[in-house]
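The structure appears right after this line, and notes come after that.
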Amino acid sequence: IQQRQAANLRERKRMQSINEAFEGLRAHIPTLPYEKRLSKVDTLRLAIGYIGKLTFYLFSFSFFH
């Protein structure tokens with residue numbers, strides 16, 4: 001029973017850490033203020049798109065200047 005409780009505690013801490021990481025990622029993705037909280041999948045999709053746009057702008061700017 002103690003092993004199960006310890007495993008449950010580790011899992012809760014792991015999930016809390018993951019959720020905190022997603023909250024940090026959400027804070028850096030531009031969204032409209034009235035939008036509902038993004039799901040994890042939507043957060044990852046928007047982050048991928050945002051990183052792609054930033055990369056494009058960075059290389060476009062570097063190429064022309």
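A short reminder: the numbers here are calculations on the coordinates, not readings from a lab. Computed from a predicted model, the values in this text were never measured in an experiment. Cβ placement follows ideal geometry from the backbone for every residue including glycine, while neighbour counts extend to all protein chains displayed.
For residues that are part of a loop (DSSP other than H, G, I, E, B) and aliphatic (A, V, I, L, M), scanning just the stretch 17-36, find the one that is surrounded by the fewest Cβ atoms within 10 Å (Cβ to Cβ).
Only one residue tops the list, namely Leu32.
Of everything in the stretch 1-16 that's polar (S, T, N, Q) and loosely packed, with under 10 Cβ neighbours inside 10 Å, which residue is farthest from Ser39 (Cα to Cα)?
As a first pass, look at the stretch 1-16 and keep what is polar (S, T, N, Q): 2-3, 5, 8, 16.
Next cut, loosely packed, with under 10 Cβ neighbours inside 10 Å only: 2-3, 5.
Values: Gln2: 34, Gln3: 32, Gln5: 29 Å.
Taking the candidates together, the pick is Gln2.
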